Amino acid sequence: MNRQRDTTRGSGRKQDNEEKFSLKRVPGTLASLPRVLRLVWETQRFLTLTLGLLNILQGVVPAISISITALVIDGIVKAIHLQNPSPIWWPIGLQVGITLLSSLLNALNSIVQQLLQELVSNRIQLDILKKAGGLDLSFFENPESYDKIRQATNQSSYQPTSMITQTFGLGRTLITMGSLLFLLFHLAWWLAVISLVMPIPAFILSTRYGWKGYRQMRRQSPERRLMNYFTQLMTTDTYTKEIKLFNLSDFFINRFQILAKKLYLQDQQLALRRYLTNFGWSNLTSVVNTGIYIYVALQAIAGRITLGGLTLYTQTATQVGQNFQSLLSSVSSTYENALYVNMLFEFLSYQSKILSPANPQPFETSELGYGQDIEFRNVSFTYPGKNPETEATLKQVSFKIRAGESIALVGHNGAGKTTLVKLLTRLYEPDEGEILIGGKNIHVYNLEELRKRIGVIFQDFVNYYLTARENIGVGRIEEIENTELVISAAHKSGADAVIEKLPQSYETTLGRWFKNLEESTQLSGGEWQKIALARAFISDAHILALDEPTSALDARAEYEIFKHFRALTTNKTALFISHRFSTVRLADRIFVLENGHIIENGTHQELMALEERYAELFNLQAEAYR
């Protein structure tokens with residue numbers, strides 16, 4: 001108990017340290033900058049290089065522009081003295097030229113930045129999708145993982161380009177500052193020092209508040225995901241019927257408003273502190289700049305500098321301060337963006353634990369033909385976050401299924417029936433024991449090939465808002481264009497009768513999200529299940545695993561499916577989960593699961609003769625039909 005309390009206190013101290021800001025964090029956070037530059041460079045080299053060159057050119061423009069302004073003013077003074085306008089034409093021509101050049105560079109910079117940002121955003125979204133496609137199922141069942149995905153997706157799509165833009169901006173600002181300082185040192189070196197020192201406190205405050213904003217975003221992430229969930233509930237056809245029938249609109253809207261108000265107040269408090277503090281330091285900077293104006297004006301009055309020099313040095317002093325402030329602000333913004341980008345890299349660096357072996361072994365066809373033996377040896381499994389001593393889903397489960405045999409799994413909800421299928425397909429790994437297919441441990445097979453050999457339809461199957469052909473074809477993706485094979489699978493599941501009535505037959509989009517009413521349709525729950533069953537039948541699988549395959553079908557449709565069950569599972573090892581005992585009795589053998597164990601195993605007749613758990617459940621269900 002004491003150890004647990006100490007650990008808790010240690011975790012609390014660690015969290016407190018993470019909440020505190022220190023300038024020492026800045027260099028470490030910016031260490032990701034080379035990786036960001038590499039990401040942007042690999043996305044589009046030409047645009048990245050162009051953006052860098054444009055920033056270099058923009059860096060020298062301000063000093064040239066100020067110098068030309070001084071020439072214009074001195075030219076005007078000279079023209080007045082000579083009563084001849086000729087001295088002003090050349091400086092004015094230069095001024096027009098540098099103005100046009102500056103406008104052109106700004107326009108090109110905006111174009112390149114926007115195009116590059118779009119490409120990088122798409123690249124990052126693709127990287128996230130590819131990473132998500134290879135993650136373990138357990139990753140998606142952890143709420144912290146959803147926060148990481150949301151933050152990586154929503155916060156990091158534009159930050160990499162912003163970081164590179166700001167980095168190039170830093171280089172541009174350094175070039176501008178160097179040229180301006182060169183001009184200012186001709187008047188008084190201490191003016192340059194004052195101009196450089198004044199923005200530093202604002203930089204420290206800006207960086208600190210950037211850290212606070214980042215930490216606040218991390219804390220708010222679960223609640224913002226909940227707000228998105230309420231929005232999805234209220235705006236998606238999947239939930240509309242029940243929300244209307246139970247009058248839930250006001251309930252969900254109220255929950256959304258409560259969260260929105262709470263998060264708004266938190267953001268408001270941070271924003272007020274941040275920008276009011278920044279306002280105070282900005283005013284102090286303005287006071288110092290006014291003092292510099294007065295000093296330079298006195299130098300002009302004393303005749304130490306010309307009127308053009310007055311303009312040159314006042315503008316130079318002001319822009320040195322502004323550029324240094326911009327430099328520090330860019331560092332602060334780059335640091336803040338780096339915090340978000342690091343979340344992206346953290347997500348992309350996540351390594352799946354369930355992987356293919358380095359040298360996978362091939363599947364071998366059994367002596368009976370297509371099917372495969374399946375064997376569980378002392379398999380135990382507990383879901384993440386649960387106690388294996390008291391909440392284990394499976395406990396020392398052992399059984400063997402012969403190739404071509406059909407097995408029904410029976411038991412109450414949560415008995416572990418679906419878990420057996422998840423372990424067989426390596427969506428999870430057992431805590432102990434081993435699973436064999438074809439006499440070999442499933443770990444020796446390539447992961448993609450293993451799942452290809454097992455056709456699975458879970459009870460919570462997916463309704464893909466694609467065409468009817470694609471909905472079935474995804475069960476065997478390499479044959480998605482094979483219409484004959486799709487039609488054959490649809491015939492086996494009974495989906496062909498549904499599809500043939502659709503406006504465009506197999507090319508009709510299912511679901512109303514993306515197409516108009518003439519090109520799409522919405523199916524009933526039973527019709528969707530027939531589509532899902534067709535996905536299982538189209539797969540070139542040695543093993544079929546069907547979880548409540550007819551739960552949404554009407555009695556006649558279910559009868560038609562199981563009337564042909566033997567034919568549909570010919571030369572395949574079949575496992576199916578069902579609470580309907582009229583379906584279960586068709587299996588060669590039946591496994592009854594309870595409390596993490598297989599407590600009965602046999603044919604329907606054998607288990608009925610035992611007059612134990614299976615017989616009890618069968619008679620309870622049969623009683624309802626008498």
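The values are calculated or read from the model by the stated rules, or taken from the named source; none is laboratory data. Computed from a predicted model, the values in this text were never measured in an experiment. Methodologically, a virtual Cβ is constructed for each residue, glycine included, from the backbone with ideal geometry; neighbour enumeration extends over all protein chains shown. Areas reflect the complete protein model, heavy atoms only, side chains present, ligands, DNA and RNA absent. Shrake-Rupley method; radii C 1.70, N 1.55, O 1.52, S 1.80 Å.
Does region 81-99 contain any residue that is within 30 Å of LEU348 (Cα to Cα) and in a helix (DSSP H, G or I)?
no
Just one of (1) under 30 Å from TRP528 (Cβ atoms); (2) open to solvent by less than 100 Å² (accessible area, probe 1.4 Å) trips up TYR229, so point out which.
Every listed condition holds for TYR229 apart from (2).
Residues being open to solvent by less than 10 Å² (accessible area, probe 1.4 Å), at pLDDT 90 or above and closer than 21 Å to THR569 by Cα: count how many of those fall in region 583-617.
Total satisfying the criteria: 3.
Identify, please: which residue in region 460-474 is of a type in the set (A, V, I, L, M, F, W, C) and part of a helix (DSSP H, G or I) and is, among those, surrounded by the most Cβ atoms within 10 Å (Cβ to Cβ)?
ILE472
Note down all Cβ pairs under 7 Å where the first residue falls in region 475-490 and is under 18 Å from LEU544 (Cα atoms), the second is in a loop (DSSP other than H, G, I, E, B), and they're at least six residues apart or on different chains.
GLY475/SER539; ARG476/SER539; ARG476/ASP540
For a quick check of your reading of the model, give me the residue pairs whose first member lies in region 239-258 and is in a helix (DSSP H, G or I), whose second is not hydrophobic (A, V, I, L, M, F, W, C), with beta-carbon atoms closer than 8 Å and at least 6 apart or on different chains.
TYR239/GLN232; ILE243/SER249; PHE256/THR231
For region 81-123, what are the residues that are exposed (fewer than 15 other Cβ atoms within 10 Å of the Cβ), farther than 30 Å from LEU37 by Cβ and without any contact (Cβ under 8 Å) to a residue 24 or more places away in the chain?
HIS81, LEU82, GLN83, ASN84, PRO85, SER86, TRP89, TRP90, GLY93, VAL96, GLY97, LEU100
Taking the stated definitions as given, is LEU328 open to solvent by less than 60 Å² (accessible area, probe 1.4 Å), under 30 Å from LEU427 (Cβ atoms), touching a helix residue (DSSP H, G or I) at 6+ places or on another chain (Cβ under 8 Å) and modelled with pLDDT under 85?
No; evaluated as a whole, the condition is false for this residue.
Considering each residue of region 392-432, count those that are over 34 Å from the mean Cα position of the chain (by Cα) and closer than 17 Å to ASP373 by Cα, and give that number.
Qualifying residue count, region 392-432: 13.
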